[in-house]
Amino acid sequence: MLSNHFENGMDMARLAWSRLPHSEDGELDGVGLLSTSSNRNGVESLDYEVIENYAYREEQAQRGKFFVGYNVAVKWFFALLIGIGTGLAAVFINISVENFAGWKFALTFNIIQKSYLAGFLMYILINLALVFSSVYIITHFAPAAAGSGIPEIKGYLNGIDIPGILLFRTLIGKIFGSIGSVGGGLALGKEGPLVHTGACIASLLGQGGSTKYHLSSRWLQGFKSDRDRRDLVTCGCAAGVAAAFRAPVGGVLFALEEVTSWWRSQLMWRVFFTSAVVAVVVRVAMGWCKSGNCGHFGAGGFIIWDISDGQEDYSFEELLPMAVIGIIGGLLGALFNQLTIYVTRWRRNYLHKKGNRVKIYEACLISVLTSVISFGLPLLRNCSPCPDSDPGSEIECPRAPGADGNYVNFYCGKDKEYNDLATIFFNTQDDAIRNLFSAKTIHEFSAKSLLTFLVMFYTLAVVTFGTAVPAGQFVPGIMIGSTYGRLVGIFTVNHYKKLNIDEGTYALLGAASFLGGSMRMTVSLCVIMVEITNNLKLLPLIMLVLLISKAVGDVFNEGLYDEQARLRGIPLLESRPKYVMRKMTAREACGNQKVLSLPRVVKVADAVSILRSNKHNGFPVVDHTRDGEPLVIGLMLRSHLLVLLQSKIDFQHSPLPSHSRSGSGAIRHNFSEFAKPVSSKGISIDDIYLSSEDLEMYIDLAPFLNPSPYVVPEDMSLTKVYNLFRQLGLRHIFVVPRASRVIGVITRKDLLIEEESEDSATMELQSTSVRGQRHKTRLLEENGADAERPLLNGLLVQNQRYLKGSFVIVFRDNGRNYSWYFVNFFNVVLVLSIYPIWYLYFCFSHFGTSSKTCFDMWTCNEVTLGDVDHTILNWQVTY
């Protein structure tokens with residue numbers, strides 16, 4: 001209902017909640033409801049909150065410590081499977097891309113030895129065929145696989161369920177579409193799609209595979225809740241980055257900094273383990289491929305540019321040009337984001353509305369344009385003579401046709417000449433970056449060639465981004481940044497006239513600055529750049545340019561993924577609320593309309609009518625007290641109500657509440673039955689058939705609702721509500737009037753519940769707190785009428801912990817409680833052997849001549865509240 005409230009003209013609310021998904025809200029008897037669910041553009045929220053209904057509590061009560069250990073072990077096993085699966089997918093993508101590119105360039109170089117025109121046509125046709133295969137897969141098989149996928153995954157981890165992004169066909173489309181688009185030479189990369197690929201693999205493993213394509217296993221169907229899937233998808237995202245860059249630590253930090261909205265230490269360990277597994281899988285695959293088993297994929301392929309032999313030191317004078325690189329990166333990155341927004345908006349409003357055929361034409365046209373530029377521009381560039389070779393250098397000038405490396409001989413009249421523009425243009429992007437990062441290759445590229453490449457490739461990257469193919473922006477960003485970084489390095493060398501300045505170092509800093517100015521990442525990007533270059537000495541410089549470029553870029557717009565998420569209609573909750581929210585309250589955000597609620601016992605016909613008349617995903621459930629006053633007893637989710645309507649086993653003829661709420665009735669549902677499948681939209685009201693007799697029956701919602709939803713007072717600031725919503729990953733929040741009374745206050749010490757000590761070597765005396773004594777006395781008075789209740793279950797010991805092996809005697813004498821503690825059995829024997837007469841006096845003075853009671857106390861049998869004035873409350877032996 002928020003979508004209706006925001007249309008009432010509340011400008012401040014519209015500005016403050018422009019990023020939030022519109023959902024059902026309102027007010028009923030002083031109760032409002034905040035939510036992030038929305039049906040606009042098919043986007044809904046995820047249920048990250050634990051629904052603690054009676055089905056959930058029964059299921060938790062039946063689980064012991066063995067299940068907890070088993071559950072933890074299965075999570076670690078799934079982390080292992082995610083790492084292996086993502087690593088193998090990355091190996092397959094890279095092997096395929098390298099082989100397609102290798103065959104393409106080898107064939108083209110062989111043909112241009114005879115005719116450049118024939119080689120040009122062959123080059124265009126091969127690229128066109130690869131790009132056509134990619135765009136055809138996306139448009140006809142997996143539309144959700146277009147783009148990088150990072151904005152969608154970021155939205156998923158933020159609590160937004162976007163249909164189709166984690167399906168099996170999306171995974172297949174992402175893998176094979178990336179091979180076609182990257183192998184076809186488009187100005188995009190495969191790193192973003194690898195993040196999406198890892199997320200898909202994680203989600204599919206969590207649900208046991210794909211049931212639609214009969215590739216499922218019931219043994220793997222262990223995690224059906226959105227909370228568990230969120231953890232798995234986080235592991236998949238980190239695995240994708242680790243596989244793309246061979247940067248396991250960078251993958252963990254990328255997941256933490258860029259895509260996740262919720263984090264905890266246990267998840268950190270599993271994510272790190274998954275990234276480590278990916279690194280091992282990739283390393284083993286590369287070792288196997290070095291023997292020549294992978295065709296053109298050999299020592300290269302995975303993005304790692306070793307510049308450890310580059311510039312070893314830098315002077316204070318170089319900080320100024322390095323700061324200039326950071327400023328340029330921030331400006332060009334912000335401009336790139338803004339241009340992609342304009343192009344994407346135009347493409348969505350005017351071009352892609354015309355159908356899939358236009359999308360195919362567009363991608364093919366861009367492929368031809370890219371091929372013409374990358375092949376034709378080097379033809380217009382004059383070749384340069386090869387520099388004098390260093391006897392100890394492994395760099396060959398010119399390189400052999402079709403081989404990777406520097407100094408490409410392309411359309412040159414002499415054998416000892418190379419074309420510097422072809423070295424970076426007529427090449428794979430990985431090899432081009434390796435050439436730009438190369439150390440000890442001063443004056444290999446002219447300023448004119450670098451400037452030409454920068455302008456043309458920057459334009460191609462802007463135009464290509466947003467086409468209907470899998471597209472990542474990491475590698476194009478690195479290429480753009482390394483180009484102007486090397487350009488600045490050339491001017492720095494010419495100005496300072498120092499021989500120890502390396503142009504490759506400036507290229508690396510330029511790459512980091514553009515990624516920081518465009519994507520606005522800092523920590524993770526810094527670690528990734530260090531890992532892929534194997535040069536820890538440049539860490540302070542990378543940090544410097546990242547901080548400058550991010551600061552400059554933030555002046556103009558937001559990061560690339562945030563802007564693209566906004567264009568796609570993904571309502572992300574940012575890390576910080578808007579400033580205007582400080583002046584708003586929760587009641588103002590709810591509006592003035594009534595909340596659509598359900599009674600505790602609802603008629604089936606009424607429930608069906610409510611579900612058909614709106615798209616709300618949560619309904620407050622209202623009961624009435626004995627005085628007739630309305631009482632909100634919980635929250636009923638739409639998906640759970642649909643499960644009840646479909647099963648029909650909870651239908652009843654009576655409109656009176658059942659006894660399920662008190663626990664006397666058995667719950668006939670497993671908690672897993674209420675989980676929505678990740679590969680579908682779940683149950684729809686239109687899919688449920690109900691007869692006329694069914695419509696006249698009733699359902700008691702008490703056992704199935706969430707009895708403890710999050711509640712905020714109506715005058716709470718919207719900033720607090722926002723932080724609570726985002727940090728806990730909520731879907732609904734009740735807004736209620738101020739409470740009339742307080743039943744208790746929870747402080748930090750109330751939450752510090754420790755496990756019982758297992759170390760008998762550190763035993764010590766413990767005493768009962770006054771607060772604990774009062775609580776236990778109250779419990780005793782409340783339950784004193786139940787004379788059959790066993791006391792060894794612990795009225796006192798329920799909240800008071802004693803050391804292992806200790807003995808406790810608690811007795812009451814004339815209404816006053818006394819506690820006797822013995823650290824171990826040795827103390828008991830010592831006391832009772834030294835004071836046998838006293839012990840007999842103690843026993844018979846409190847229980848008269850009843851030797852049965854004394855024997856019970858001595859043998860630790862159950863002692864009941866039989867006596868009024870002299871009562872043994874508890875006798876505990878903690879083994």
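The values are calculated or read from the model by the stated rules, or taken from the named source; none is laboratory data. On a predicted model such as this, the values are computed, not experimentally measured, just so you know. Here the Cβ positions follow ideal geometry from the backbone for every residue, glycine too, while neighbour counts run over all protein chains shown. Heads up: the accessible areas ignore ligands, DNA and RNA and are worked out on the full protein's heavy atoms, side chains in. Shrake-Rupley method; radii C 1.70, N 1.55, O 1.52, S 1.80 Å.
Checking the condition in contact with a helix residue (DSSP H, G or I) (Cβ under 9 Å, 6 or more places away or on another chain), over 18 Å from L46 (Cβ atoms) and modelled with pLDDT under 90, which residue from Q207, Q221 passes?
Values: Q207 fails: over 18 Å from L46 (Cβ atoms).
Q221 is the lone residue from the list that is in contact with a helix residue (DSSP H, G or I) (Cβ under 9 Å, 6 or more places away or on another chain), over 18 Å from L46 (Cβ atoms) and modelled with pLDDT under 90.
Checked against the criterion of being under 30 Å from D226 (Cβ atoms), in a helix (DSSP H, G or I) and among the small types (G, A, S), the candidates A144, A129, A118 yield just one match: A144. The residue pairs whose first member lies in segment 299-327 and is surrounded by 13 or more Cβ atoms within 10 Å (Cβ to Cβ) and at pLDDT 90 or above, whose second member is among the aromatic types (F, W, Y) and part of a loop (DSSP other than H, G, I, E, B), and whose beta carbons are closer than 9 Å, counting only pairs six or more residues apart or on different chains, are M322/Y314. Scanning for something at positive phi and not in a helix (DSSP H, G or I), does segment 535-553 turn up at least one residue? Scanning segment 535-553 turns up no residue that is at positive phi and not in a helix (DSSP H, G or I). I'm checking my understanding of the structure. Among residues of segment 534-554 that are touching a residue at least 24 places away in the same chain (Cβ under 8 Å) and within 27 Å of the chain's Cα centre (by Cα), which one is surrounded by the most Cβ atoms within 10 Å (Cβ to Cβ)? For segment 534-554, the residue satisfying everything is S549.
Confirm whether L641 is within 21 Å of P707 (Cβ to Cβ) and either open to solvent by less than 40 Å² (accessible area, probe 1.4 Å) or in a loop (DSSP other than H, G, I, E, B) (or both). It would help to see each step written out before you state the result.
Details: within 21 Å of P707 (Cβ to Cβ): yes; either open to solvent by less than 40 Å² (accessible area, probe 1.4 Å) or in a loop (DSSP other than H, G, I, E, B) (or both): yes.
Yes; evaluated as a whole, the condition is true for this residue.
Somewhere in segment 653-663, is a residue at pLDDT 85 or above, part of a helix (DSSP H, G or I) and open to solvent by 20 Å² or more (accessible area, probe 1.4 Å)? The answer is no, given that none of the residues of segment 653-663 is at pLDDT 85 or above, part of a helix (DSSP H, G or I) and open to solvent by 20 Å² or more (accessible area, probe 1.4 Å).
For every residue, the table says whether it meets (1) out of contact with any helix residue (DSSP H, G or I) (no Cβ under 6 Å at 6 or more places or on another chain); (2) under 26 Å from N127 (Cα atoms); (3) surrounded by fewer than 14 Cβ atoms within 10 Å (Cβ to Cβ).
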residue	(1), (2), (3)
F336	no, yes, no
T344	no, yes, no
N349	yes, no, yes
K354	yes, yes, yes
R357	yes, yes, yes
E362	yes, yes, no
L369	yes, yes, no
F375	no, yes, no
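Residues that are free of Cβ contacts under 8 Å to residues at least 40 places away in the same chain, under 25 Å from L256 (Cβ atoms) and not in a helix (DSSP H, G or I) do occur in segment 164-173. Screening N494 on (1) within 25 Å of S446 (Cα to Cα); (2) part of a loop (DSSP other than H, G, I, E, B); (3) open to solvent by 10 Å² or more (accessible area, probe 1.4 Å) shows it passes everything except condition (2). Among the residues of segment 183-210, those that are part of a helix (DSSP H, G or I) and open to solvent by 10 Å² or more (accessible area, probe 1.4 Å) comprise I201, L204, L205. Taking segment 723-757 as the search range and keeping residues that are surrounded by 10 or more Cβ atoms within 10 Å (Cβ to Cβ) and small (G, A, S), which one is nearest to V50 (Cα to Cα)? Taking the candidates together, the pick is G729.
Filtered by the rule that a residue be surrounded by 14 or more Cβ atoms within 10 Å (Cβ to Cβ) and not in a strand (DSSP E or B), segment 615-638 gives K615, H616, N617, R638. Scan segment 535-545 and tell me whether some residue there is modelled with pLDDT of 90 or more, in contact with a Cys (Cβ under 9 Å, 6 or more places away or on another chain) and either over 30 Å from L645 (Cα atoms) or small (G, A, S) (or both). Within segment 535-545, one or more residues are modelled with pLDDT of 90 or more, in contact with a Cys (Cβ under 9 Å, 6 or more places away or on another chain) and either over 30 Å from L645 (Cα atoms) or small (G, A, S) (or both).
Per-residue answers, yes or no, for (1) without any contact (Cβ under 8 Å) to a residue 60 or more places away in the chain; (2) open to solvent by 10 Å² or more (accessible area, probe 1.4 Å); (3) in contact with a strand residue (DSSP E or B) (Cβ under 9 Å, 6 or more places away or on another chain); (4) part of a helix (DSSP H, G or I):
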residue	(1), (2), (3), (4)
T423	yes, no, no, yes
R434	no, yes, no, yes
F445	yes, no, no, no
F457	no, yes, no, yes
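Which residues, taken from segment 694-722, are of a type in the set (G, A, S) and open to solvent by less than 10 Å² (accessible area, probe 1.4 Å)? Within segment 694-722, A702 is the sole residue that qualifies.
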